[in-house]
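These notes concern the structure reproduced below.
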Amino acid sequence: MTVKAANQEIIMFCQMLSLALKTGRPLPESLAKLSGQRPDNKASQWCREIAEKMASGYSVQEVCSSLADFDPVLARLLPLLGDNRLIRVLDFYTRCLINFEMVRDRMKTALFYPLMILAFVLANLCYLNLNLFPQVMVSLAESERSLPIMVRLLHFTEASLWPISLIVPVLIAAVFLVTIKAVAGMVDKDSLITRLYGFADAARLQETARLQSMVSLYLQAGLSLEKAVDNCAQMAGKSDAADLLSIGRVLSQGRPAEEAFCYSDVFMEIAHADLTPDLYAEKLEYASESNFRRSCASIRTSSQMMAITALLAAGLFVALITSGIFDTYYWLIWMFS
């Protein structure tokens, strides 16, 4: 499953499990009934397997370990079955996943503008190479004029101009392909393309918010602060995982939590607080929501800039094509040669 499809299935499963718990009826019976409504999706399959195996006497841990592609976060939460906290934890986890999807979708929407610009540039570059530049070269050969620098840099279909003429087209094509990967969610938050489009801060805020929500989630589930941090480290990126593991080591040594928190930005908002686990969970939940909102605001600003840039770029290329149609493009090339 893709990341987005997986998150959607997890959201649906959390909602189904929460609804089954709220009915007050035996859980296997409620899950079996709910799973029959949409039998083909992954969430329904999980519900059906849990219902069947719990009815057969399997423990929750055994059920979770046997489920294919099951979310590791939920696998650590399901042992709370029978605890009234589980419904609240599931609702909070659902909100977190919805926030993740909202930020990801907004980033993809913002990346749509540079993607369209690059596609437009490539299409026009191919048009110039196939229709205009060959005519320019024939005309200049007859008049014995030197080849303009613009043609030397962009006429990549003429082998005699390689490798100079390949540099700009290859660069544009490479950025186009990487942007497609970014839209598909296959680019890391610290990648060059993320920085280029101004999304580095938004991506960093999103990741911080995600980790804060995970720690808060585990604390609300009743885990100790040390265990919550260690579990969160297993789902973090390389740099964040190292910081979280350092926090876990400090906590395991019995040193104060506020001393451990200085190792990671995840705990920046509560670095100077000495609170109970419940209050840590509350503070981290609030910090997570705040960082999600800041991330969305940052993406919105970048998206507006991308829209303006797209309009300007589209106008520029339309002007170039129009001038080419009316035979003034040759004059522009000669003037800047």
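Please report how far the C-alpha centroid of segment 33-86 lies from that of segment 104-156, rounded to the nearest whole angstrom.
If you average the Cα positions of each part, the centres end up 55 Å apart.
Using 32 Å as the Cα-Cα cut-off, could you pick out the over-long pairs in K181/K283; K33/K283; K108/K283; K42/K227; K22/K238?
K181/K283; K33/K283; K22/K238
With label points built 7 Å along Cα→Cβ from the Cα atoms of M116 and F176, find their separation and express it in nm.
Once both label points are built, they end up 1.7 nm from each other.
Take D105, D265 and order them by how many other Cβ atoms sit within 10 Å, fewest up front. It would help to have the intermediate numbers written out before the result.
Numbers: D105 12, D265 17.
In order of increasing Cβ crowding within 10 Å: D105, D265.
Quote the FRET efficiency, to the nearest 0.05, computed for R85 versus N41 with a Förster distance R0 of 41 Å and r equal to the Cβ-Cβ distance.
0.95
Could you list K238, K33 in order of exposure, starting from the residue whose Cβ has the fewest other Cβ atoms within 10 Å?
Least to most surrounded, the residues fall as K238, K33.
Using only alpha carbon positions, build the gyration tensor of segment 3-82, then give the equivalent ellipsoid semi-axes as the square roots of 5 times its eigenvalues, largest first, whole angstrom.
One finds semi-axes of 17, 15, 12 Å for segment 3-82.
May I ask you to sort M12, M235 by Cβ crowding, counting other Cβ atoms within 10 Å and putting the fewest first?
On the way: M12 18, M235 14.
Ascending number of Cβ neighbours within 10 Å: M235, M12.
Per 5 Å bin, what is the whole-percent P(r) computed from every C-alpha pair distance within segment 60-108?
5, 18, 22, 19, 18, 10, 6, 2
At a Förster radius of 25 Å, what calculated FRET efficiency corresponds to the Cβ-Cβ distance of M235 and I98, to the nearest 0.05?
Computed FRET efficiency for M235 and I98 comes out at 0.90.
The numbers here are math on the coordinates, done by the rules we state, and not lab data. Please read all numbers here as calculations on a predicted model, not as lab measurements. Positions of Cβ are backbone-derived with ideal geometry, glycine not excepted, and every protein chain shown enters the neighbour counts.
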